[in-house]
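Take a look at the structure below.
The values are calculated or read from the model by the stated rules, or taken from the named source; none is laboratory data. Bear in mind that the values here come from a model prediction, so they are computed numbers and not experimental data. Here the Cβ is made from the backbone with ideal geometry for all residues, glycine too, and neighbour counts use every protein chain on show. Ligands, DNA and RNA are excluded from the accessible area calculation, which covers all protein heavy atoms including side chains. Shrake-Rupley method; radii C 1.70, N 1.55, O 1.52, S 1.80 Å.
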Amino acid sequence: MKLREGVEWAVHCCINLSWISPDRAVPAARLAAFHDLPTAYLNKQMNALGSAGIVASRSGPRGGFRLGRNPEGISLMDVAAAIDGSTQAFLCTGIRHNGPAGHITGPEAAHRTTCTVAQAFSTAELAWRRRLADHTIAELADTVRRANPAAPDQVRRWFEEN
């Protein structure tokens, strides 16, 4: 499974926003500057998170983004689906029905059974999605905090400077 870099960016932004007062909105430009990311592209990711209800946005001079719900209620799967969509990673095109392969088992038998390849990929993808759904932004933020206890305060101060 390949996720776009926007998923990584969005998860990091959610962790940072989890340490900032829910009353304060952070502009996309400020979020982008923290990791030296292109503002326009990050803004698209933040808007996708907004459409999914993961972040809320406020316009105006004190506008920007804040978490739209508690970090305990935001899973990595929520973020991945908001950015990359929820379509299946593997698409079975039914090649087992084509050419000589379709004649070996007979067309009737091939249509009565599930494609073994599709089933294997579907099972693996379901496990992957469940693992992402099992982890929250709050858990990741706590892991970062345990590794670097000063991180939440340092991040908060950096974003509050402007």
Answer from Gly73, Gly50, Gly64 - the residue that is of a type outside the set (Val, Ile, Thr) and either on the phi > 0 side of the Ramachandran plot or surrounded by fewer than 13 Cβ atoms within 10 Å (Cβ to Cβ) (or both): Gly64
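Looking at Leu91, Leu37 in this structure, which one is aliphatic (A, V, I, L, M), free of Cβ contacts under 8 Å to residues at least 12 places away in the same chain and outside any helix (DSSP H, G or I)?
Working: Leu37 fails: free of Cβ contacts under 8 Å to residues at least 12 places away in the same chain.
Matching residue, one of Leu91, Leu37: Leu91.
Determine whether Ser86 is open to solvent by less than 40 Å² (accessible area, probe 1.4 Å) and hydroxyl-bearing (Ser, Thr, Tyr). Quick ask: steps written out before the conclusion?
Values: open to solvent by less than 40 Å² (accessible area, probe 1.4 Å): no; hydroxyl-bearing (Ser, Thr, Tyr): yes.
For Ser86, the condition - open to solvent by less than 40 Å² (accessible area, probe 1.4 Å) and hydroxyl-bearing (Ser, Thr, Tyr) - is not met.
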Gln119 vs. criteria open to solvent by 70 Å² or more (accessible area, probe 1.4 Å) and at pLDDT below 95: yes
